[in-house]
1. Looking at ILE172, ILE129, which one is more than 16 Å from ligand 1 (Cβ to nearest atom), modelled with pLDDT under 95 and hydrophobic (A, V, I, L, M, F, W, C)?
2. Among (1) surrounded by fewer than 20 Cβ atoms within 10 Å (Cβ to Cβ); (2) in contact (Cβ under 8 Å) with a residue 12 or more places away in the chain; (3) not basic (Lys, Arg), which single condition is THR135 missing?
3. Which one of these does ALA242 not meet: (1) in contact with a strand residue (DSSP E or B) (Cβ under 9 Å, 6 or more places away or on another chain); (2) within 16 Å of ligand 1 (Cβ to nearest atom); (3) at pLDDT below 95; (4) among the hydrophobic types (A, V, I, L, M, F, W, C)?
4. Looking only at residues that are open to solvent by 10 Å² or more (accessible area, probe 1.4 Å) and within 16 Å of ligand 1 (Cβ to nearest atom) in region 91-111, which one is farthest from THR178 (Cα to Cα)?
5. Residues that are among the polar types (S, T, N, Q), at least 1 per element: which helices (runs of 4 or more DSSP H) completely within region 247-327 meet that?
6. Based on what the data block shows, is PRO167 open to solvent by 10 Å² or more (accessible area, probe 1.4 Å), free of Cβ contacts under 8 Å to residues at least 12 places away in the same chain and touching a helix residue (DSSP H, G or I) at 6+ places or on another chain (Cβ under 7 Å)?
7. Looking at (1) open to solvent by 50 Å² or more (accessible area, probe 1.4 Å); (2) within 16 Å of ligand 2 (Cβ to nearest atom); (3) over 16 Å from ARG197 (Cβ atoms); (4) in contact (Cβ under 8 Å) with a residue 60 or more places away in the chain, which one does GLN255 not meet, given that it meets all the others?
8. Which ones in region 112-126 are within 16 Å of ligand 1 (Cβ to nearest atom) and either of a type in the set (A, V, I, L, M) or touching a Cys at 6+ places or on another chain (Cβ under 8 Å) (or both)?
Amino acid sequence: MTCRDFRDFRGFPISRRTFVAALAATPVAATFAQSTRNDQRPTSPTGARLVLLGTAGGPTPKAQRSAPAQAIVAGDRVYLVDCGDGVARQLALARIPLRQLRAVFITHQHSDHNAGYGPLFLVGWAGGIEAPVDTYGPPPLAKMTRSLLDAYEFDITLRIADEGRPPLAPLIRPHEITGAGEVFTDDRVRVTAARNRHVPIEHSFAYRFDTADRSIVISGDTAYSEEVLSLARGADVLVHEALYRPFWERADAPQPPAVRRHIIASHTDVEDVGRLAAAAGVKTLVLSHLVPSEPTVVGGVSDEQWLAAARKHFKGTVILGADLQEL
Ligand SMILES: [Zn+2]
Ligand SMILES: [Zn+2]
């Protein structure tokens, strides 16, 4: 993605001048613009870029934010964390070529994080994936991969015969993760997993990417987690999920009581996200997987409220994540 490739929330291209001018129109936006200006774009071939592909939380489709996914781009290789619905489209909007996809890391098997996994490969196969892609995630990743290939057997068989495509199955290499530790390494990145706290799911993980010039941590979905804190210690960037607890404690909050209880128990209040970022000593905190995700719902949480809550305890740079934002 170049500086000229800014887009509005619908994905329509806008000029950088328009983009920055729009951002500067409000104090919060000015913070975003400031932090964007301050970000040093890596210039070495292996320098890592982080692209937020989807910053919503929860399985329901949202108008203003796409489902959870992040791309870490190191030179000509792309590493994906989570595959929310529409991740292939988000990659296209971010101008990240599918043929550069090297590995995929799923934090946990909730549908907001994996609904785009199968489609990514189906359309990615037609869209340029030619070399095997290693995929990592909790069980049943291997079974899901097999089942998806079965479900779309008609199209896959047809395209092999009709278009001369190579078989799709060998291009997806699933690896199931059930414990913490190093899960992947090549000459660009080292990826370490830590178990987070996302009840009632046992196998749920955060991932840390260490590259030649940056360390980036993605929390996954989690309540406040000492394990995530340890994983994030000293990181350049921490992308952490965030819950605005007062919203969910209101008498008129959406969702039935049981769902609200689940939401509060399995996610991290944004003030605690700030506490964790401060304790971990990260340089930049990115709020993502926002719950609730859209400020336009009646009584929703404003950008200013999210940022103020995170800054209560964390004095480093705080960025309220936006789809297709590059850091
Ligand atoms: Zn989620
Ligand atoms: Zn989840």
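The values are calculated or read from the model by the stated rules, or taken from the named source; none is laboratory data. Please read all numbers here as calculations on a predicted model, not as lab measurements. Using ideal geometry, Cβ is built from the backbone for each residue, glycine included, and neighbour counts are taken over all protein chains shown. Only protein heavy atoms, including side chains, enter the accessible area calculation; ligands, DNA and RNA are left aside. Shrake-Rupley method; radii C 1.70, N 1.55, O 1.52, S 1.80 Å.
1. Numbers: ILE172 fails: modelled with pLDDT under 95.
One residue alone meets the criteria, ILE129.
2. (1)
3. (3)
4. Restricting to residues being open to solvent by 10 Å² or more (accessible area, probe 1.4 Å) and within 16 Å of ligand 1 (Cβ to nearest atom), the top hit is SER111.
5. Working: elements: 257-266, 270-280, 303-311.
Fully inside region 247-327 and qualifying: 257-266, 303-311.
6. Numbers: open to solvent by 10 Å² or more (accessible area, probe 1.4 Å): yes; free of Cβ contacts under 8 Å to residues at least 12 places away in the same chain: yes; touching a helix residue (DSSP H, G or I) at 6+ places or on another chain (Cβ under 7 Å): yes.
Considered against the rule, which asks whether it is open to solvent by 10 Å² or more (accessible area, probe 1.4 Å), free of Cβ contacts under 8 Å to residues at least 12 places away in the same chain and touching a helix residue (DSSP H, G or I) at 6+ places or on another chain (Cβ under 7 Å), PRO167 comes out as yes.
7. Failed condition: (4).
8. Kept after step one, since they are within 16 Å of ligand 1 (Cβ to nearest atom), are these residues of region 112-126: 112-117.
Within region 112-126, HIS113, ASN114, ALA115, GLY116, TYR117 meet the criteria.
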